[in-house]
Every structure is written in C-alpha cells, then in structure tokens.
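Please treat every number below as a calculation from the coordinates, not as lab data. Remember, it's a predicted structure, so these values are computed and weren't measured experimentally. Reconstructed Cβ throughout: ideal geometry from the backbone, glycine too, with neighbour counts over all protein chains shown.
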C-alpha cells in the first residue's frame, strides 16, 4: 500500500522569498496490485508528483509511505518509465534491459538470462542487438518498460508513456501493458492526460486540479476487463471526467 | 559555367601567388646589410658602423637584419631582403651551391675564432672521449658544423658515433649548464662566455682543428653587385679600413665589441684572443669547404674550381688594395 | 565523381609546373612540382641530414606526437568527465583553464626547455599542451550535452555515482570525445614541427629534417617535407575516424 500524506511541493520564484506552489497538500491511499491513473490538465504537476515518488525530487512538505515505511530519494521499490523512453542510445536492446541489473551487481550470466526472458515476454526477439535508433517508437517503449520491470519494483510509475505514439501503436501497447501487468502483483501509477486511456486501463482514477495541484476527484473504475470502449458505462465515466477537466479551465 | 569559374579561379590564384613570391622590396637608396647575433667575427661591421666608415664613403647603410646563425641570414638573401651581409663562408657556399641565394664573396672578415667547448667538469681530454654524447652546432652547413665534422674525421671517428644537435648559440650555454649537451661548437664570444661563466672549458680552439681556416666573409647579392658596383666597392673599402683599424687599435675596439655583444670585458678580451681579422681570402681553403660539403652530401657541385671562381670575387678587394 | 576530385588538382599542378619551368616563379622560392618530387626522392633515398632517411624521421616524430597526445588524452578525458559532472569543481577550475588555454603551445617552448631540458620530454610537453585543451573542452561539452533524462533514468535503475560515470557519462560523451581527439591530434601534429625546433637529441624528426633542409637552403626538400607532414596528418585523422566509426556504432 502506498500512502501520500500532505505532499506539498513549492519551487522558488524569481523574486526574493517568492514561491511557486505546484503540489498542495496531497493525501491519498493506493492499494497494492491496483492500476491507478492520474489525470489532469497539462502543467498541473502530475509529472512533479511522479518524480517525487520516484525520488528524483524531494517534497517541500509531507511524506510518502510505502508498506508502512516512509521513503525518500531513489529506492529500488519504485520503477519509473519516462515519457521519452530514455533508452541509452549506446546500448543494444539486451544491454539496455540489463542496465539496472548491472548496477545492482547481478552476475553476468544471470542478468543476461533474465533479460532474454523479458525479451521473449515482450516480443522483442530478433532485436536483441539492435540500437534504439533502429527501433520503432513502440518497440523502444517496450524496451523501456522491460528495463524497468526487470528490476521488480513494488510500484511502477509511468509518465505518459504512450503520449508520443500513434493511435494504433498506443492501443497495442495499452493492451500489452495490461497483459504484462496482470501476471504481476505490482501497483502501477500511470500519469496521462488522455482520459480515454485512463478509463481503459485503470482500477482507480485521480483527477488533479490545475496548479497548484490538489485532488479534485477520485473515481473507482469497476468495469470488467477487457474494457470495451463502446460500452455505455465506459463513456459515461469518460464524459464525467472530461467535464470536470473542462470546468477547470 | 561553374567549371569555367573554378578554372579562372585557380589561374588567378596561381598568378597572385607567383607575383607575391617574385616581388621583394629593394630600397634603391640605402644599402641593406645583415650580420650574425653576437658574432665577434663580424666586428669589422660594427666598427664601420660606429666609426662612421660607411657614412664617410657616402653610403647610407641600414641594418636590415640580425640573425641567429648563417642559414637564417642566407634565407634573408634568398628572399631578397639583403644587399650585403657578414656570414660564415660555409652556409654561404651551401646556399649558393643549392641555388637558393645568389651571392658572391667580396672579402674575408676573419679566420679562426671558434672553439669546441665542453662541460667544465667533463673528464674528456679528446674528441674521442666524447663518443656517444650530445654535441651542439649552430646549424647544419655552418662553419662550426663543418669544423666539428672535420675534427671527427681527423680523429678517425664517424658522425654516427656522436649525437649532433642543432641549437642556436644564445641557447647553447644554458643547454650546457643544464647538462642537456656535453659540448658545443660556436663562434666567439660564446666559447669565451662559457669559460668565464664557469660553465664550460675549451677542448679545442678551431685553429687546432684547421689552422688559418677562413670563417666569416663579406658577401653581396649579385643583383646588387651588378646594378650598384660603385657602392659595393665602397662597402668593401669601409670593410678594409675597419679591419685595419681593429688590428691597429686593439684597445679602442673593445667598447664597440662590448656594445654589440652585451657581454663583459673579461669575456670579450678572451674571445678576441681566438680571432684573426684579415680580409684576404684563401681560395684553396674555400675549395676545401666545397669538397667536404659535397662529400657530406649537403651540396652537389660538379666542378669545384669553377664554382669557387664564380663564388669568390676578390676583384674589388684587389683594386682597393692596389691603391 | 572521382573526375571532379582528380582533374582540378591535376590542372593546378600543370599550371604550377609550367610557371616554374618558365622561371616565372623562381625555383629557390617555390620549387616546381617535379622538383618537389625529386626532393622527396632524396629525402627517402639519401636522407636529410644525409644518412638519416625519411622513414626514421617519420617514426621518431610519430613517437613524440604519440606520447604527447596519449598523455593529453589520459589527463584530459577523466578531467573533462569530472568537470562536466561536478558543477562546483568546474566553477573552481574554469578560470585557471581559461587563462592558460589562449597561450599558444609554442610560447611554452622556453619554459619547456627549462623544465625538461632538450629532448623528447620538452617536445612531447608542447604537443601535450596543443592536444590537451581541445580534448578537455570537447569532453566537458560531451558530458554537458548528455540528455539529463538519461542520467535520471540511470538513477532510477539504481545507478550509483560510479555507475553514472562509467555507464552514462563515459559512453554518452564518447562522440564528443572523439571530436576532441581528432582536433587535438591535428593541433598536436601541427605543433610537432615547431616543437622539434626546440632541439632533437636523437637526430631524427620531421621538424628537424625540415630545419636541416632550411639550413642548407634546399627549398625542394623543405616543401617535400611539408607535404609529408600534411599527408601523414591526413592519414592519422583518417585512422581516428575509422576507429570512431567502429566504436560508435550506435549513431
């Protein structure tokens, strides 16, 4: 279980003593094994929230508590998939996936074996020795996800991972993500501005207000999987969320 | 069209380059001379300047360059930057034989006046003791380079048995002090300075290597000689007067030497003991220079005698001496 | 396409040869192409100074440049990586570097001789100075140009500082480092001739060879020597580029 307690983030402004609030006293709870989406308008602070959870930035106030223990800074409990994939251009697919395993000191034979398992599971066979620039956007994102998942974090953070892909690829990857996630017990916290995507993927949707971000609403999503985009309930939910976002502007 | 432009461009470039290379500024009023830095062999030039022998001849003499060694001075001749110069006969021979400069020798400036100097605490007694060591010369094809090789040949050794380096004389003493080299051969007053500065000692003065060897000469650009022979003659006459003055007034020349070398009196006095100032040049000696330079493959001269006849032109000198 | 590359230089050479043959360009100032070829032959067969053949001059010069360049790379790359990574360190060291950088390597010759005496050390030092700054600056810029997201990605993958250095900064900066190496080698090779003017103990070196040609006033051998220096410089650059293409396959 992941708990956010009074999470606040302020950036220093241009003038002396000036501060720009980005996150305002966020508190909520996420159950283990859930797929949670966070939606909000652009620039509302979703990415900042994710970065704080990942440990890349620190909060000004408040705490992040995972399974009863407060965490700060980078830990191996959290994995982060970046919007721009952030694959290391000088590493092949196989090497990229192994990056984290190298850093924790896993032995070569073992980490290669593990990496190859993921290559199989992610449909990347034949591309082990390819460099990122030789891969399509969709493939690169699969490598990025594999790279994060191979580290077995408790929480998988994803920052609009499919935003720069075309519709078809995005839909494919959404289904692929669900397939992969279903066999694991991790929690996924998925940031997106695409409401359709959020409804399709999640068990719970958090809607944030524009900056400074507060929780506007929380929507549980009980629809059965696989989700049907033509389903009436699906679209009702989608419309509700879109309305909230629209009213915010 | 593009091709035509690039062809024109290339031709234009070449012509510009050619014109630039050909042209050299000759000053038609003054006589441009050059001499070597701190080379006491060329005292006659300094005396002529200080005592006004040039102006007394009605000449306007401009010092167009002071050079670190003979080859540099010959390059200036080649570039057309000098009308006359005081330079070692060896580099002059090499330059003319290799068709780089067109000069003739009008008179000698001095004979002897160099020395092989080694480190003060070197145990060497002969050249053979210096086998495998580094010795410095002021440049290849200089008189000193020549003398060193002659000394090596006399001792029945080969050049390969030594490490001959090129260092300009002002830097030689420092190199000796730092033990970068074991010895050097240079013109006076550098050997004297090494001795009085307690850095080195003379192993052989050049007269022991080759007695009475010609060293520096007064050379003239052939174009200058051809177009302004009267002035050339006046230059030679001033040179003769200056050389006589040196031999007749040994004490009066000392301040002049001090001024132009910037060295102390003790060094200068010691240096002067090693130099002979005389203007008559021994043609046979020059033939030996030609012979050896050819042997060492620095120059290629078919007919040594013909070369010397062309290269050494003592006509003006003889005319002056007859009077 | 190759016709475009061969014809213009050929044309240029023909005109040059013609102008020289007509004595329009005096041969002692600028030798004709044929004379240069003759000079080159003599440098190879007879050697200059006689008995010192060209290939040995070349070997010694390559050795000196190699030493200076290798030292420059060994110092500049790690230093550049660390300067790129630690801003505070960069702020402290930058002013010192910026003062030294504009000093031309050749201006260091008197100091070099005082410190190292005459010989390969002072020559290698001059070459070191020439190669050092391009390598350093390009390494720093290589690090600074790495997408910060990559560093963050590495951190989320549990990279420690050591991992970041070895697995992100170093591979990420390599393309820039190679640019620096090529430039540094180019400058090092250029300063070679002047560096060898400081004095060459072993009696071998391309700079020494050219200096001797100047001493005995053989313009054809001077230009032939210059040509060799230019060709070898080009060859070295070509070799570095081939190595770069092998190593940086991911571009």
How would you rank A:28, A:44, B:215, going from fewest to most other Cβ atoms within 10 Å of each one's own Cβ?
A:28, A:44, B:215
Counting other chain Cβ atoms within 10 Å of each Cβ in B:298-304 and taking the mean gives 2
Calculate the FRET efficiency for residue A:121 and residue C:2 from the Cβ-Cβ distance with a Förster distance of 45 Å, rounded to the nearest 0.05.
0.30
Can you tell me how much longer the chain between residue C:237 and residue C:107 gets when fully stretched, taken as 0.36 nm per residue apart minus their C-alpha distance, in nm with one decimal?
44.3 nm
Highest first, please rank the peptides B:248-258, C:136-146, A:142-152 by the mean number of other Cβ atoms sitting within 10 Å of their residues.
A:142-152, C:136-146, B:248-258
Highest average packing first - C:220-231, A:101-112, B:38-49, Cβ atoms within 10 Å:
B:38-49, C:220-231, A:101-112
Per residue of A:86-96, how many C-beta atoms from partner chains lie within 10 Å of its own C-beta, taken as a mean?
5
Going by the alpha-carbon gyration tensor, a ≥ b ≥ c the square roots of its eigenvalues, is chain A rounded (a/c under 1.5) or, if a/c is not under 1.5, prolate (a/b greater than b/c) versus oblate?
oblate
Considering only DSSP beta bridges where both residues belong to the range B:114-209, give the percentage that are antiparallel (nearest 5).
60 percent
If you find the alpha carbon centre of the range B:68-120 and of the range C:141-207, how far apart are they in angstrom?
47 Å
Label-point separation (nm) for residue C:226 and residue A:248, each offset 7 Å from Cα along Cα-to-Cβ?
7.1 nm
Given axes a ≥ b ≥ c from the Cα gyration tensor, I'd like to know whether the protein assembly as shown is rounded (a/c under 1.5), prolate (a/b larger than b/c) or oblate.
prolate
How far apart, in nm, are two points set 7 Å out from the Cα along the Cα-to-Cβ line at residue A:238 and at residue B:7?
7.1 nm
Quote the relative contact order of the range B:114-209 in percent (integer), defining contacts as alpha-carbon pairs under 8 Å separated by 6+ residues.
49 percent
Explain nothing, just the number: relative contact order of the range A:86-152, from Cα pairs under 8 Å at least 6 residues apart, as a whole percent.
51 percent
To make sure I understand, if each residue's beta carbon is the centre and we count other beta carbons within 10 Å, what order do C:6, C:240 fall in, fewest to most?
C:6, C:240
What does the average come to when, for each residue of peptide B:152-165, you count the partner chain Cβ atoms lying within 10 Å of its Cβ?
2
Pair residue B:156, residue B:251: separation of 7 Å Cα→Cβ label points (nm):
5.0 nm
Restricting the count to DSSP beta bridges whose residues both fall in chain A, what percent are antiparallel, rounded to a multiple of 5?
50 percent
Most exposed first by the Cβ proxy, i.e. fewest other Cβ within 10 Å, how do A:127, A:190, A:35 rank?
A:127, A:35, A:190
So for the range B:114-209, using the alpha carbon gyration tensor with a ≥ b ≥ c as root eigenvalues (a/c under 1.5 gives rounded; past that, a/b versus b/c decides prolate or oblate), I'd call it rounded
For the range A:18-34 and the range A:86-165, write down the distance between their C-alpha centroids in whole Å.
29 Å
Please give the Cα centre distance for the range C:211-244 versus the range A:207-237, rounded to the nearest Å.
73 Å
